[in-house]
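Undergrad: Below you will find the structure I want to go over with you.
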């Protein structure tokens, strides 16, 4: 394995005869320990099959922008943000043109427009197409936009012509991928945040994320539906804003954010211990949906079901991590921020939480039956401080994270911290 092993690569496969080389590329990426997801254009499926790609990646292949099952399982925004690097191979003349002009008419081009990660493209096309002025203009624009290219190479084409236009060989593309993954692959923050991208430089931020799992026996546990998406997004944005960021994550299926120190825990007690070990910090953001209770006596053997026998659990209260941090007499962060997931009386309960746990800010959201906050792509929050409150519209969870980080940096500046 290489130094960059274990990264997440999203492979967008274009429609060209060189698509067959992608199968070898996938195999090589998996050998290096990388997690690979693939998106295929319709044209790509004329050259290689989804079954072949699924067999080699070990994951489903995505191809439909409007598939209700794919959107509910992993929406296109999350798919584009989950990867450490996006690789387009073969990058056909058609795909390059759509990328250069920001078109988003199918899943592949939508992902390329929605991603916050760098893109590496391996062009492949006929000699005349490669040399055409339109392709040259598109290449120049994409290079200005930060797209990284490997190839094409000169050689004999499938059409019988000879010259530049052959897609680079899988090992060459692999080397280019490894070089990119060894660097920070995040794109700069959006233009509205220009000039503010390092607002937390020199600060230390601790974020908790995801659920906790409280064991009942060796195979069962108490948990909740938290996906960790909001907490992971906040940690990622804090790191991008220059903060020394520690993410303490319960069990989730998300990749660890780049440039973030991630510490994995299972239970509420383990999470509290990890938080205390990570202090001191300038900001603490408790996003994790920590289980309120744990089983008083965990059974070390699997509990067997017996017909006609009722079974009950005795629960004991878990430590309140947010309150433990907010009420600290020593090493209390300058800003302690909590999330209040409520299903009723949201404002009143969030205001009570703000006071009872000695927080500086609470972000309250509705997690009732009609809400899709847990596990969803968007979040709608009510922001409360000791002085005021404001309601944010439904936003992508990354945009919630960006707003929050800017708000917290402004609060630190106001206090002269």
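The values are calculated or read from the model by the stated rules, or taken from the named source; none is laboratory data. Source: prediction; values computed, not measured. In this analysis, Cβ positions are derived from the backbone assuming ideal geometry, glycine residues included, and neighbour counts consider all displayed protein chains.
Undergrad: Within the stretch 184-194, does at least one residue satisfy the condition of being under 22 Å from residue 88 (Cα atoms), at pLDDT below 90 and not in a loop (DSSP other than H, G, I, E, B)?
TA: yes
Undergrad: Yes or no: residue 316 assigned by TED's automatic domain parsing to the domain that holds residue 231, part of a strand (DSSP E or B) and either surrounded by 10 or more Cβ atoms within 10 Å (Cβ to Cβ) or more than 25 Å from the chain's Cα centre (by Cα) (or both)?
TA: yes
Undergrad: Looking only at the stretch 215-229, decide whether some residue is assigned to a helix (DSSP H, G or I) and closer than 24 Å to residue 362 by Cβ.
TA: Checking the stretch 215-229: at least one residue is assigned to a helix (DSSP H, G or I) and closer than 24 Å to residue 362 by Cβ.
Undergrad: In this structure, is residue 84 at pLDDT below 90 and surrounded by 23 or more Cβ atoms within 10 Å (Cβ to Cβ)?
TA: yes
Undergrad: Right, here's the next one. Return the residues of the stretch 366-409 that are closer than 22 Å to residue 353 by Cα, in a strand (DSSP E or B) and at pLDDT below 85; say none if nothing qualifies.
TA: Matches in the stretch 366-409: 366, 379.
Undergrad: Follow-up. Within the stretch 232-254, is there a residue that is within 30 Å of residue 93 (Cα to Cα) and without any contact (Cβ under 8 Å) to a residue 40 or more places away in the chain?
TA: Looking through the stretch 232-254, none of the residues is within 30 Å of residue 93 (Cα to Cα) and without any contact (Cβ under 8 Å) to a residue 40 or more places away in the chain.
Undergrad: When you go through (1) within 27 Å of the chain's Cα centre (by Cα); (2) free of Cβ contacts under 8 Å to residues at least 24 places away in the same chain one by one for residue 44, which number turns out not to apply?
TA: Checking residue 44 against (1) within 27 Å of the chain's Cα centre (by Cα); (2) free of Cβ contacts under 8 Å to residues at least 24 places away in the same chain, the one that fails is (2).
Undergrad: Does the stretch 107-132 hold any residues that are outside any helix (DSSP H, G or I) and closer than 20 Å to residue 9 by Cβ, and which are they?
TA: 115, 116, 117, 118, 119, 120, 121, 122, 123, 124
The rows are residues; the columns are (1) at positive phi; (2) touching a strand residue (DSSP E or B) at 6+ places or on another chain (Cβ under 8 Å); (3) surrounded by fewer than 17 Cβ atoms within 10 Å (Cβ to Cβ); (4) not assigned by TED's automatic domain parsing to the domain that holds residue 332.
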{"position": "214", "(1), (2), (3), (4)": "no, yes, no, no"}
{"position": "220", "(1), (2), (3), (4)": "no, no, yes, no"}
{"position": "227", "(1), (2), (3), (4)": "no, no, no, no"}
{"position": "235", "(1), (2), (3), (4)": "no, yes, no, no"}
{"position": "243", "(1), (2), (3), (4)": "no, yes, no, no"}
{"position": "260", "(1), (2), (3), (4)": "no, yes, no, no"}
{"position": "271", "(1), (2), (3), (4)": "no, yes, no, no"}
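Undergrad: Go through (1) free of Cβ contacts under 8 Å to residues at least 12 places away in the same chain; (2) within 17 Å of residue 355 (Cα to Cα) for residue 304 and report which single condition fails.
TA: (2)
Undergrad: Let me ask something additional. Scan the stretch 30-47 for residues that are assigned to a helix (DSSP H, G or I) and closer than 20 Å to residue 253 by Cα and report the count.
TA: 1
Undergrad: Of all residues in the stretch 126-147, how many are at pLDDT 90 or above and either closer than 19 Å to residue 175 by Cα or touching a strand residue (DSSP E or B) at 6+ places or on another chain (Cβ under 6 Å) (or both)?
TA: Qualifying residue count for the region: 2.
Undergrad: Please determine whether any residue of the stretch 3-12 is in a helix (DSSP H, G or I) and either modelled with pLDDT of 90 or more or assigned by TED's automatic domain parsing to the domain that holds residue 254 (or both).
TA: No, that holds for no residue.
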